[in-house]
1. Among the residues of segment 158-170, what is the count of those that are surrounded by 22 or more Cβ atoms within 10 Å (Cβ to Cβ) and either among the basic types (Lys, Arg) or assigned to a helix (DSSP H, G or I) (or both)?
2. Mind listing just one residue for me: the one in segment 171-200 that is modelled with pLDDT under 65 and in a loop (DSSP other than H, G, I, E, B) and, of those, surrounded by the most Cβ atoms within 10 Å (Cβ to Cβ)?
3. Restricting attention to segment 205-250, which residues are assigned to a helix (DSSP H, G or I) and more than 21 Å from the chain's Cα centre (by Cα)?
4. Looking only at segment 1-51, how many residues end up being over 22 Å from Leu152 (Cβ atoms), of a type outside the set (Phe, Trp, Tyr) and part of a helix (DSSP H, G or I)?
5. Here is a check on your reading of the model: is Leu331 surrounded by 24 or more Cβ atoms within 10 Å (Cβ to Cβ) and either in contact (Cβ under 8 Å) with a residue 60 or more places away in the chain or touching a strand residue (DSSP E or B) at 6+ places or on another chain (Cβ under 6 Å) (or both)?
6. Can you find even one residue in segment 53-70 that is within 30 Å of Phe240 (Cβ to Cβ), out of contact with any strand residue (DSSP E or B) (no Cβ under 9 Å at 6 or more places or on another chain) and assigned to a helix (DSSP H, G or I)?
7. Look at Leu61 and say whether it is under 23 Å from Ile147 (Cα atoms) and either surrounded by fewer than 21 Cβ atoms within 10 Å (Cβ to Cβ) or not aromatic (Phe, Trp, Tyr) (or both).
Amino acid sequence: MKKITVVMLASQTLALLGFASYPVALMSIQNDWGLSNFQSGLIASAYFLGYVMVVPFATTLTDRIDAKKIYLLGGLLSALGLLCFGMLANNYPQAGLCMLINGGGFACLYMPGLKIISDRLDALEMSRPIAFYTAFFGVGTGFSYFISGMFLPLVGWRMVLMGLSCGPLLALGLVYFLVKDLNFAKNVRHRPLEWQDLLPLHKWKEVLENRSAKHFILGYGIHCLELFASRNWIVAYLIFCSSHGQAELGISYPVVAGLIGLIGVPASILGNESAVRWGRENWIHGVMLLSCMAGIALSWTYDQPWWLIMLLATLHMVFIMADSSTLTAGLVMSAKSDIKGAAMGLHSLTGFVGGLVGPSLFGFVLDWTKKANLINPWTYAYGSIVISSFLFVVFHSMLGVKSRSRC
């Protein structure tokens, strides 16, 4: 594996150390501030709102300037958001603003980090590094769960958030010192910057004219909706399970969530390898259906033995992650080189719109079903985030049948 890939994998892991600090502290913050589930979900969604607001500009600019410069800015913003949350936030609007800044910073880290790799490798070398880079999102979030869960009982949630703000700063340092600057062509670097370069609707239209690119982008949005809702609420669900006659698990729930997240990493890498063999679309559709079934089954097991809950939680994450690298690698490989940055921006934007919707949708359904006194509100909440995957598969399967019938 080339040095640039190793550096970017390490920096992404560091950049994500604060990612799970809020999901781990969610119940503590909810109790301290008297928040509803919907308000708690809104704080999580604010992170993705910040990402969505910034990512079109951050990724499109990587077609004009070295993505390394965007990355360094992202490290500063992400650290600032975490630090302010821990030091200053006293209610959910203030916390939401801090998460907005944190998410905006990560928008300058994630896809620009991938662009740093793609700009420095040949096209034939990119598929596997892209798969590893995408999968290492799970490594970073897994370590974030571990560290947050380890220190939360010892120092409280404020110190956890402030301490983990060092992660993006360390990522910034790695990239600054170990990634060489890239010299863009003069005609690209010196062409006057225009507004359509920052919000490239014309390029996005061109991207969406490619059927494969459109499929990967929409699929990524649905994938992220389910993924980030699940990651944000899994610790709370495990706590819910423990309150229904379960014996003590003997290990902290954030650590369990971290282990589950780490198991998803090889699933993402191996999923990309399997998709190359079996066909990307077939693979994506198959694992989406499996993740739907695993998510619903998990929500039914709250009063069952821990081994069954752990098995289904792991399977749910494995099936969610099994198409993650496939979706991103497919988009990067299918997009034309001159609009690759814009294509990656639209891909990431769509994904994190899903991330914006997922946690708050989950919390809203959880509140609504509790007020309606429905049996096991968690089944409805999980159902609200997996149904989009089911509809995506059905819709594209119907389109495939229609296309074949015309031939």
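1. Count: 5.
2. Residue satisfying both the conditions and the ranking: Phe184.
3. Lys205, Glu206, Val207, Leu208, Arg211, Ser212, Ile239, Phe240, Cys241, Ser242 - these are the residues of segment 205-250 that are assigned to a helix (DSSP H, G or I) and more than 21 Å from the chain's Cα centre (by Cα).
4. Number satisfying all stated conditions: 12.
5. In short, yes.
6. So far as segment 53-70 goes, no, none of its residues is within 30 Å of Phe240 (Cβ to Cβ), out of contact with any strand residue (DSSP E or B) (no Cβ under 9 Å at 6 or more places or on another chain) and assigned to a helix (DSSP H, G or I).
7. no
The rows are residues; the columns are (1) within 23 Å of Ser348 (Cβ to Cβ); (2) surrounded by 22 or more Cβ atoms within 10 Å (Cβ to Cβ); (3) in contact with a Pro (Cβ under 8 Å, 6 or more places away or on another chain).
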residue: Gly75; (1), (2), (3): yes, yes, yes
residue: Ala79; (1), (2), (3): yes, yes, yes
residue: Cys84; (1), (2), (3): no, no, no
residue: Ala89; (1), (2), (3): no, no, no
residue: Gln94; (1), (2), (3): no, no, no
residue: Tyr110; (1), (2), (3): yes, yes, no
residue: Lys115; (1), (2), (3): yes, yes, no
residue: Arg120; (1), (2), (3): yes, no, no
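The values are calculated or read from the model by the stated rules, or taken from the named source; none is laboratory data. These numbers were taken from a predicted model, which means no experiment stands behind them. Please note: Cβ atoms are built from the backbone with ideal geometry, for glycine as well, and neighbour counts cover all protein chains shown.
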